[in-house]
1. Please go through the stretch 69-86 and give me each residue that is closer than 24 Å to residue 56 by Cβ, touching a Pro at 6+ places or on another chain (Cβ under 8 Å) and surrounded by fewer than 18 Cβ atoms within 10 Å (Cβ to Cβ), ordered by number.
2. For the stretch 28-53, what are the residues that are under 21 Å from residue 136 (Cα atoms) and of a type in the set (Gly, Ala, Ser)?
3. Identify, from the list 21, 86, the residue that is at pLDDT below 90 and aromatic (Phe, Trp, Tyr).
4. Restricting attention to the stretch 102-119, does a residue exist that is closer than 16 Å to residue 60 by Cβ, open to solvent by less than 50 Å² (accessible area, probe 1.4 Å) and at pLDDT 95 or above?
5. Here is a list: 27, 58. Which entry is assigned to a strand (DSSP E or B), open to solvent by 70 Å² or more (accessible area, probe 1.4 Å) and out of contact with any His (no Cβ under 7 Å at 6 or more places or on another chain)?
6. Of (1) outside any strand (DSSP E or B); (2) touching a Gly at 6+ places or on another chain (Cβ under 7 Å); (3) polar (S, T, N, Q), residue 131 satisfies all except one. Which?
7. Is it the case, given these coordinates, that residue 54 is on the phi > 0 side of the Ramachandran plot and at pLDDT 90 or above?
Amino acid sequence: MRRILASLILAAAFVVPSAAFAKPDVKIKLTQLTVTKNAEGKLVETPSSEVKPGDVVKYDIVATNSGDTPAQKFSPADKIPAGTTFIAGSATGKAVRVEYSIDGGKTWSILPMIKVVAKDGTTTEKAASPTSYTAIRWIADPLAPKASSEFTFEVRVK
């Protein structure tokens with residue numbers, strides 16, 4: 001069994017109003033759940049840090065703003081843990097869009113592209129496989145004061 005933990009990259013930028021006392025105060029909680037099917041075929045999520053090849057792991061990110069003003073340009077992000085592959089279509093959350101990186105978070109795109117060189121030397125681009133994604137982020141609406149927002153994604157252990 002392996003221990004797989006995601007390391008949350010909170011890529012959030014907050015625009016703080018001029019009033020010195022009013023500001024956002026965002027706290028992030030990251031939960032790792034192993035997803036299995038029970039005897040009846042229903043999906044069951046259980047907290048676990050021990051996984052084996054083939055297991056599906058769900059990461060649940062909950063952001064809560066206990067501050068007095070909205071958290072502007074709020075953008076939670078997470079690395080796809082080493083030894084896992086992202087499961088296409090598994091990203092959820094209230095966001096303007098979801099972006100992916102194939103270079104560890106240096107660049108982001110809704111649909112990352114890779115260059116392909118043909119035998120004749122010509123170069124074209126094609127969509128990168130979701131299994132090559134190394135990080136994920138949500139471009140979210142401002143997180144309102146006293147509000148929470150949840151974001152999830154799943155990976156399969158190699």
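The values are calculated or read from the model by the stated rules, or taken from the named source; none is laboratory data. All values reported here derive from a predicted model rather than from experimental measurement. All Cβ positions, glycine included, derive from the backbone under ideal geometry; neighbour counts span all protein chains shown. These accessible areas exclude ligands, DNA and RNA; they are computed on the full protein's heavy atoms, side chains included. Shrake-Rupley method; radii C 1.70, N 1.55, O 1.52, S 1.80 Å.
1. Initial filter on the stretch 69-86 (closer than 24 Å to residue 56 by Cβ): 76-86.
Subsequent filtering for residues that are touching a Pro at 6+ places or on another chain (Cβ under 8 Å) retains 85-86.
Hit for the stretch 69-86 is 85, nothing else.
2. Correct list: 49 only.
3. On the way: 86 fails: at pLDDT below 90.
21 is the lone residue from the list that is at pLDDT below 90 and aromatic (Phe, Trp, Tyr).
4. Taking the stretch 102-119 and keeping what is closer than 16 Å to residue 60 by Cβ, we get none.
Checked against the condition, which is being closer than 16 Å to residue 60 by Cβ, open to solvent by less than 50 Å² (accessible area, probe 1.4 Å) and at pLDDT 95 or above, the stretch 102-119 yields no hits at all.
5. Numbers: 58 fails: open to solvent by 70 Å² or more (accessible area, probe 1.4 Å).
None of the other options fit; the residue is 27.
6. Residue 131 satisfies every listed condition except (2).
7. Numbers: on the phi > 0 side of the Ramachandran plot: yes; at pLDDT 90 or above: yes.
So residue 54 fits the description; yes.
Table: residues versus (1) closer than 22 Å to residue 35 by Cα; (2) out of contact with any Phe, Trp or Tyr (no Cβ under 6 Å at 6 or more places or on another chain); (3) at pLDDT below 95.
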site	(1), (2), (3)
130	yes, no, no
134	yes, yes, no
137	yes, yes, no
140	no, no, yes
151	yes, no, no
